[in-house]
1. Taking all pairs of different Cα atoms in the range 1-105, averaging 1/r and flipping that mean, what Kirkwood radius in angstroms comes out?
2. Roughly how many percent of the accessible protein surface of the range 213-298 is carbon and sulfur, given a 1.4 Å probe and a whole-percent answer?
3. Using a simple charge model, +1 on the beta-carbon of Lys and Arg, -1 on the beta-carbon of Asp and Glu, nothing else, what dipole does the chain show about its Cα centre, in debye to the nearest 20?
4. Hey, rough spin-label estimate for Ile115 and Glu210, points 7 angstrom out along Cα→Cβ, what's it come to in nanometres?
5. For the range 78-185, what is the charge dipole size about the Cα centre, in debye to the nearest 20, if Lys and Arg each add +1 at the Cβ and Asp and Glu each add -1 at the Cβ?
6. Tell me, in nm to one decimal, what length is gained between Ala67 and Arg14 on full extension, where the rule is 0.36 nm per residue of separation less the Cα-Cα distance?
7. Going out from 0 in 20 Å bins, what whole percent of all Cα-Cα distances in the chain drops into each bin?
8. Compare the Cα positions of Gly48, Gly37, Gly120 along the charge dipole of the range 1-159 (+1 at Cβ of Lys, Arg; -1 at Cβ of Asp, Glu; about the Cα centre) and return the one farthest towards the positive end.
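The values are calculated or read from the model by the stated rules, or taken from the named source; none is laboratory data. Here the structure is a predicted model, which is why all the values come from computation and not from measurement. Note that we place each Cβ from the backbone using ideal geometry, even for glycine, and neighbour counts take in every protein chain shown. Keep in mind that these areas ignore ligands, DNA and RNA; they rest on the heavy atoms of the full protein, side chains included. Shrake-Rupley method; radii C 1.70, N 1.55, O 1.52, S 1.80 Å.
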Amino acid sequence: MTAAITRLGPADVRAAAHRIAGHVRRTPLIADPDLPGLWLKGEHRQLGGSFKLRGAANAVLALGARAIVTGSSGNHGIALATMAAPLGVPVTVVMAAGASTAKSDLVHALGGRTITVAGGVAERDRSARKLAEETGAVFVPSSDDELIIAGQGTVGREVLADAPDVATIFVPTGGGGLLAGVCLAVRDLPVRVVGVEPENADRYARSFAEGGPVLLPPSLTVADGLRGQQPGLLTYPVIRARVDELVAVSDAEIVAAQDRLARRGIAAEPSGAVALAGALRTGWRGVAAAIVSGGNTAEALAVAVRTHLPVHGVPTEKEFA
């Protein structure tokens with residue numbers, strides 16, 4: 001596997017921000033008095049329950065596809081169904097064995113369909129690409145796509161706008177679309193970017209150590225949205241050129257960070273707590289931000305399935321206490 005050359009830059013993130021304006025929610029920076037200097041970027045309150053709506057909106061609006069196929073652990077599929085179904089565009093989401101049934105149920109409730117395949121994320125994505133080719137649908141990857149990367153980068157753009165003195169941004173890292181997007185958003189600025197991976201799925205750290213993208217076996221990390229097995233062809237060079245540090249966190253650290261967020265009134269799913277786990281592990285100097293990337297907890301998904309509506313991420317009083 002050889003990384004691809006990409007011409008992506010900050011201008012692509014700016015273009016994505018203009019394209020998706022009015023389709024996504026501008027999420028807040030939330031302060032925690034027990035974590036001085038650290039802002040929490042509240043993507044758990046994004047429409048669809050995660051940052052994934054940004055990339056999905058950018059791709060759907062730019063492509064004008066008649067039918068879409070993707071491979072997803074859940075949140076990307078939910079985001080595509082949230083965006084595409086109201087436009088009459090059918091969405092098929094291929095999911096790996098062990099993926100969240102609650103997220104699959106929500107894709108169905110939003111008008112999409114799901115297919116489950118044996119194996120891990122790599123087999124899932126191969127199957128999704130093949131299905132798209134066979135049916136004539138457009139394949140929209142969960143992370144390794146220029147429109148997806150640029151859309152996810154709008155998270156970093158908002159952090160910069162709302163906290164211009166930010167010195168470090170902690171980013172949860174699975175396929176790498178969000179990390180690559182943040183790297184683009186801050187590419188020419190003196191901001192440290194720290195990618196945080198589950199220690200059982202640290203494909204970027206291992207790839208950097210090996211000198212190129214490597215394929216890991218399927219993992220069972222509690223952070224189900226970050227179980228990617230290999231870096232993307234497009235995301236890898238962007239991240240390699242700009243990320244300042246990669247940190248691996250254990251499942252125990254992820255759960256502890258999730259519990260800490262819950263006590264603050266922030267209902268994050270495990271994947272959404274990974275960046276905070278990394279910040280707590282390494283510490284920070286000056287002003288920092290940790291991206292709370294998703295809030296599709298079992299409870300939130302159950303409500304969404306019953307109402308046939310995407311997760312809205314209603315804020316709690318504690319978030320503003």
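1. Here the Kirkwood hydrodynamic radius works out to 15.6 Å.
2. Solvent-exposed carbon and sulfur of the range 213-298 make up 55 percent of the total.
3. 580
4. Distance between label points: 2.8 nm.
5. 320
6. Contour length minus Cα-Cα distance gives 16.4 nm.
7. With a bin width of 20 Å, the distribution comes to 37, 60, 3.
8. Farthest along the dipole direction, towards plus: Gly48.
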